[in-house]
Structures are given as structure tokens and as C-alpha cells.
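Participant: Before we start, here is the structure in question, set down as C-alpha cells.
The values are calculated or read from the model by the stated rules, or taken from the named source; none is laboratory data. If you're wondering where the values come from, they're calculated on a predicted model, not measured in any experiment. Cβ atoms come from the backbone with ideal geometry, glycine included; neighbour counts cover every protein chain shown.
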């Protein structure tokens, strides 16, 4: 905390700018529950048919409680998504994409100019 210098305050103010799209701004939340609630609200506001994918958990309960991956994944065509784990050297955790198709195996997500099938992931393990 402390007391910032006037130069520091002026520098921070110089970075202020209008957002091109307030919806594109990154949102910060204190808990995973708040993130889940925000995501549920946004996907329900998004036009189109809702597709639901359910997890089939095989991990120890304590291990599952440490994971941030939701038990229910709701998707719609065109909805923005973020990868929550690395799939390859180029498809990494945090990468933003858009749902371009939905199949029985999972969604197809457009990252930039490339559409990629995102397969269901298996997670099994024990929490130590």
C-alpha cells in the first residue's frame, strides 16, 4: 500500500482508456463459485441451443475438490471459451477461443483461424 508519488499516480492515470467492448474485459472473481455463477448467467444470455456435457469423475473426493474444472459444462455455438489445461505446445491453459461446432465427442473450438476438436479429458488420481 503506502503513498504513491504524484509521478506514479499520473503514470497510472495515463494508462486509462475506453474499452472497445466492455464484455471483452477480463473479469476477476474471489471464488470459483462466483466464476461458475457468472459463466452460467452469461451462457444463458447467449442466443442459441444449450448443450450440456457432464463429467464422469473417477478421482478421490479430496482430489476433485482441488480441481477448478466444473462438473457441468454448458456450451452454445459462438460462445467464448478459455482452455483450462494445456492440450499441446500451442493450445495452452488460458487460450481464448470460440465454439464453432459441437459433436458427441466434444466441442470444436476456433482459436484464431484454426478450428480444433477439444476432446473429453480423463482425470484420475489421488490427492496426496
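Participant: Of the numbered conditions (1) farther than 22 Å from residue 107 by Cβ; (2) at pLDDT 80 or above; (3) not in a loop (DSSP other than H, G, I, E, B), residue 44 satisfies every one except a single condition; which is it?
Facilitator: Evaluating residue 44 over (1) farther than 22 Å from residue 107 by Cβ; (2) at pLDDT 80 or above; (3) not in a loop (DSSP other than H, G, I, E, B) leaves (1) as the failure.
Participant: Against the conditions (1) surrounded by 12 or more Cβ atoms within 10 Å (Cβ to Cβ); (2) modelled with pLDDT under 85; (3) closer than 21 Å to residue 94 by Cα, where does residue 72 fall short? Just the number, please.
Facilitator: So the condition that residue 72 fails would be (1).
Participant: Please go through (1) surrounded by 10 or more Cβ atoms within 10 Å (Cβ to Cβ); (2) modelled with pLDDT under 90 for residue 1 and return the number of the only condition it doesn't satisfy.
Facilitator: (1)
Participant: Within the range 5-16, identify whether any single residue is closer than 27 Å to residue 76 by Cβ and either surrounded by 11 or more Cβ atoms within 10 Å (Cβ to Cβ) or touching a helix residue (DSSP H, G or I) at 6+ places or on another chain (Cβ under 9 Å) (or both), and answer yes or no.
Facilitator: First, the residues of the range 5-16 that are closer than 27 Å to residue 76 by Cβ: none.
Within the range 5-16, not a single residue is closer than 27 Å to residue 76 by Cβ and either surrounded by 11 or more Cβ atoms within 10 Å (Cβ to Cβ) or touching a helix residue (DSSP H, G or I) at 6+ places or on another chain (Cβ under 9 Å) (or both).
Participant: Cβ contacts < 7 Å: first residue within 14 Å of residue 72 (Cβ to Cβ), restricted to the range 26-42; second residue surrounded by fewer than 10 Cβ atoms within 10 Å (Cβ to Cβ) and at pLDDT below 90, any location; separation 6+ or different chain. Result?
Facilitator: Between residues of the range 26-42 that are within 14 Å of residue 72 (Cβ to Cβ) and residues that are surrounded by fewer than 10 Cβ atoms within 10 Å (Cβ to Cβ) and at pLDDT below 90, the close pairs are 32/68.
Participant: Does the range 50-59 contain at least one residue that is under 27 Å from residue 119 (Cα atoms), assigned to a loop (DSSP other than H, G, I, E, B) and at pLDDT 90 or above?
Facilitator: Pass one, the range 50-59, residues under 27 Å from residue 119 (Cα atoms): 50-59.
From what is left, the residues that are assigned to a loop (DSSP other than H, G, I, E, B) are 50, 55-59.
Narrowing the set further to residues that are at pLDDT 90 or above leaves 50.
Checked the range 50-59: at least one residue is under 27 Å from residue 119 (Cα atoms), assigned to a loop (DSSP other than H, G, I, E, B) and at pLDDT 90 or above.
Participant: Taking residue 119 as the residue in question, decide whether it is surrounded by 15 or more Cβ atoms within 10 Å (Cβ to Cβ) and either touching a strand residue (DSSP E or B) at 6+ places or on another chain (Cβ under 8 Å) or at pLDDT below 95 (or both).
Facilitator: On the way: surrounded by 15 or more Cβ atoms within 10 Å (Cβ to Cβ): no; either touching a strand residue (DSSP E or B) at 6+ places or on another chain (Cβ under 8 Å) or at pLDDT below 95 (or both): yes.
No; evaluated as a whole, the condition is false for this residue.
Participant: Considering only residues that are in a loop (DSSP other than H, G, I, E, B), surrounded by 11 or more Cβ atoms within 10 Å (Cβ to Cβ) and under 11 Å from the mean Cα position of the chain (by Cα), which ones fall in the range 80-105?
Facilitator: 83, 84, 85, 95
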